Amino acid sequence: MQWSKMKEQLESKLCESLKDRVNFNSTRYRRSHDGVGRSWVTFDNEIIHDFCTVKLRYKFNTTAKRIREKTNSLDWRDPDQEKAYYEAYNIADKEMEIQGIHNQFEFYKAIEEYLHLSIDEAMKSQNTIIKALSWFDKRLGKRRLRGTEADSNIIVNKFRNIRLKVEGLIDDEENFV
């Protein structure tokens, strides 16, 4: 689906208190060899989350390298180091999820899936991006908002706290991520 269409559909699902305050943006780096770029979400013109492919690749590779250095598994050709060498990528991948670092294409894929889900399915999704987007959804009412608890994921909590704040359900700045 084309970005402009996705953006339009996504913004049409925003709750009333976030309309004209939340924007979804995307760009591509034309001079990059593979045309990658970034997407980002703003609230009151400040970036609240960035989905940058270049940033993900850099953080992923430096994290995997750090893990391989710690485990002394720097040579994939050495049979004694091979398993730990490749396991560093799995660990780095999990670390990116914990830190909420995703690429632009993960964001696009999550939006496409989110647009076809009920609010209940979105709120229970294993995909943290979908779960985060559901907090801004107009189908999520105030009564249901009151009964929710914090999430273990950084993105989900950012979006949750923004929604609770604009709805007047929290005013303590310490709870505002």
Degrees separating the helix 3-12 axis from the principal Cα axis of the chain, which is the longest one: 40 degrees
Structure-derived Cα extents along the principal axes in Å: which label, when the choices are [x] 71, 42, 30; [y] 58, 37, 28; [z] 43, 39, 25: [y]
Between 0 and 90°, nearest 10: helix 82-99 axis offset from the chain longest Cα axis: 20 degrees
Fully extended contour minus Cα-Cα distance, from residue 171 to residue 36, at 0.36 nm per residue: 44.8 nm
Over the chain, relative contact order from alpha-carbon pairs under 8 Å, at least 6 apart, %: 19 percent
Highest-MSF residue in the chain out of 137, 75, 151 [GNM, Cα springs under 10 Å]: 75
Accessible area (Å², per residue) of the chain, counting only protein heavy atoms and a probe of 1.4 Å: 60 Å²
GNM result for the chain, Cα springs below 10 Å: residue of 141, 100, 37 fluctuating most strongly: 141
For residue 36, solvent-accessible area (1.4 Å; no DNA, RNA or ligand), Å²: 10 Å²
Point-to-point label distance, residue 57-residue 121, nm (Cα→Cβ direction, 7 Å offset): 3.3 nm
The chain: antiparallel DSSP beta bridges as a percent of all, rounded to 5: 100 percent
Within a Gaussian network of the chain (alpha carbon springs, distance under 10 Å), most fluctuating of 51, 136, 60: 60
Accessible surface of segment 117-161 [probe 1.4 Å, protein heavy atoms]: carbon and sulfur percent: 45 percent
Cleavage-rule hits (trypsin sites (Lys or Arg not before Pro)) in segment 1-79: DSSP loop, at most 15 neighbouring Cβ within 10 angstrom: 19, 21, 30, 31, 77
Cα-Cα over 31 Å, subset of 7/158; 70/109; 70/124; 5/142: 70/109; 70/124
Per-residue SASA entry for residue 20, accessible area with 1.4 Å probe, Å² rounded to 10: 150 Å²
Cleavage-rule hits, chymotrypsin sites (Phe, Trp or Tyr not before Pro), segment 1-32, DSSP coil, Cβ neighbours within 10 Å at most 15: 29
Extension gain (nm, one decimal) between residue 142 and residue 9, 0.36 nm per residue minus Cα-Cα: 45.7 nm
Karplus-derived 3J(HN,Hα), 6.51/-1.76/1.60, for each residue of segment 107-115, Hz, glycine and proline x: 5, 4, 4, 5, 4, 4, 5, 4, 5
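The values are calculated or read from the model by the stated rules, or taken from the named source; none is laboratory data. From a predicted model like this one, the values you see are computed outputs, not experimental measurements. Here Cβ is always computed from backbone atoms with ideal geometry, including for glycine, and neighbour counts include all displayed protein chains. Please note that ligands, DNA and RNA were not included when accessible areas were found on the heavy atoms of the full protein model with its side chains. Shrake-Rupley method; radii C 1.70, N 1.55, O 1.52, S 1.80 Å.
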